[in-house]
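Asks: Have a look at this one.
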Amino acid sequence: MTALPEGAAVRVNVPGSSANLGPGFDAIGLALGVWDSYDVVVTGDSLVIDVTGEAADEVPRDASHLVHRCLAAGLARLGVDEPAGLHLVCRNGVPHSRGLGSSATAAVAGYAAATALVDLARGGDGDVDLDLVNQLAGEHEGHPDNSSASVYGGMTLSWSTRPPAVAPVRTVQVEVHPDVVPVVLVPDLTLSTSTARSVLPPQVPLKHAALNSARAALLVEAVSRRPELLLDATVEWLHQEQRREAYPESMRLLDGLRELGHAAVISGAGPTVLVLTTADRAAEVHALPLPQGWRSATPGIPTVGVRAVRLEG
Ligand SMILES: Nc1ncnc2c1ncn2[C@@H]1O[C@H](COP(=O)(O)OP(=O)(O)OP(=O)(O)O)[C@@H](O)[C@H]1O
Ligand SMILES: N[C@@H](CCO)C(=O)O
């Protein structure tokens, strides 16, 4: 049994992500250059949580905080007792409940902090065990699309070797063509993933599954080698139409963009719209008028995911 020494401290930086990219429902993720940052310090007594940034007024400050819950679960998985006290400083950059993977980002941060602190306690440099974090965060989320992108960066394709169980999770990175530019259109309004998942039917017609399979396969080719195929490659049959009533404004925006030839999809469970455009057309997307309360951004695609650095006490 390893104990975490008082004073041990790490800073964990982790990117948000977009899931699905159209036909890759629950399987494909894309890391986005919008970041959460967490300092985790082992102290002598009590749990103290400070939060600034996105949703700072909404998240709990007690043991039910998502990052703390995953940190504690990660320590338990590694056979390490939770220390008597922890100071968690959260700088939230990923908007919550918009389809940018905030919950996966927080879960990845918690599990990553656990592996980094245990590595420190065992004499290491505070490295994150990426593959373990990918397992634990994927299981926590119930689908690994967002979490794998936050763990490894870039575009990720994840599957289970024991379906329908989520784990063991396997993940490969898909090379993204240098011309591909993600633009996100983010509204003020929120939609929780659990609400968005509750409206999905438990079964889909075989015909739709077959159509979706072709586009999911095409998506990998389009993103990595032939961006000119992105419009066709981002058509899907499993979730967006089914959720239209949950995010009607997003779907109107998506329909308009696609009519103009832009590869627009719903980001994750929405309501953010992701446009997979190319460098020469990104300005065109930004110039389109947005409904009130929406903003556009070009976050970029980080090629690395979660990282921890040791903080000196
Ligand atoms: N940084 C964070 N700190 C604490 N709790 C968080 C954090 N980020 C997300 N959460 C929790 O997760 C909830 C949002 O999760 P939800 O799955 O609904 O949306 P999302 O992950 O942002 O979107 P999507 O999964 O569609 O990309 C928040 O309401 C909050 O309870
Ligand atoms: N694949 C998930 C992503 C959001 O967590 C969904 O669309 O429900």
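Values in this text are rule-based calculations from the coordinates and carry no lab data. Bear in mind that the values here come from a model prediction, so they are computed numbers and not experimental data. Note that we place each Cβ from the backbone using ideal geometry, even for glycine, and neighbour counts take in every protein chain shown.
Asks: Do the conditions hold for Tyr38, that is, is it closer than 30 Å to Ala196 by Cβ, touching a helix residue (DSSP H, G or I) at 6+ places or on another chain (Cβ under 6 Å) and away from ligand 1 (no atom under 13 Å from the Cβ)?
Replies: Judged against the criteria, Tyr38 is not a match.
Asks: Moving to a separate point now. Can you tell me how many residues within the range 151-188 are in contact (Cβ under 8 Å) with a residue 24 or more places away in the chain and touching a Phe, Trp or Tyr at 6+ places or on another chain (Cβ under 8 Å)?
Replies: 6
Asks: Here's another thing I want to ask about it. Return the residue satisfying two criteria in turn: it lies in the range 119-141 and is farther than 14 Å from Val151 by Cα and among the charged types (D, E, K, R), and of such residues it is surrounded by the most Cβ atoms within 10 Å (Cβ to Cβ).
Replies: Asp119
Asks: Kindly check whether there is at least one residue in the range 89-111 that is over 30 Å from Thr234 (Cα atoms), in a helix (DSSP H, G or I) and among the hydroxyl-bearing types (Ser, Thr, Tyr).
Replies: yes
Asks: Which members of the range 34-70 meet the condition of being surrounded by 16 or more Cβ atoms within 10 Å (Cβ to Cβ) and part of a loop (DSSP other than H, G, I, E, B)?
Replies: Selection gives Glu54, Val59, His65.
Asks: Would you pick out the residues in the range 263-283 that are buried (at least 24 other Cβ atoms within 10 Å of the Cβ) and farther than 16 Å from Pro187 by Cα?
Replies: Within the range 263-283, Ala263, Leu276, Thr277 meet the criteria.
Yes/no per residue for (1) away from ligand 1 (no atom under 15 Å from the Cβ); (2) within 21 Å of Val265 (Cβ to Cβ); (3) crowded, with 19+ Cβ neighbours inside 10 Å:
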{"position": "Thr171", "(1), (2), (3)": "yes, yes, yes"}
{"position": "Pro187", "(1), (2), (3)": "no, yes, yes"}
{"position": "Thr190", "(1), (2), (3)": "no, yes, no"}
{"position": "Thr193", "(1), (2), (3)": "no, yes, yes"}
{"position": "Arg197", "(1), (2), (3)": "no, yes, no"}
{"position": "Ala210", "(1), (2), (3)": "yes, yes, no"}
{"position": "Ser213", "(1), (2), (3)": "yes, yes, no"}
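Asks: Among Ala31, Ala73, which is the only one that is within 15 Å of ligand 1 (Cβ to nearest atom), among the small types (Gly, Ala, Ser) and not in a strand (DSSP E or B)?
Replies: Ala73
Asks: Next question. For the range 268-292, give me the residue count where each residue is more than 15 Å from ligand 1 (Cβ to nearest atom), of a type in the set (Gly, Ala, Ser) and within 23 Å of the chain's Cα centre (by Cα).
Replies: Number satisfying all stated conditions: 1.
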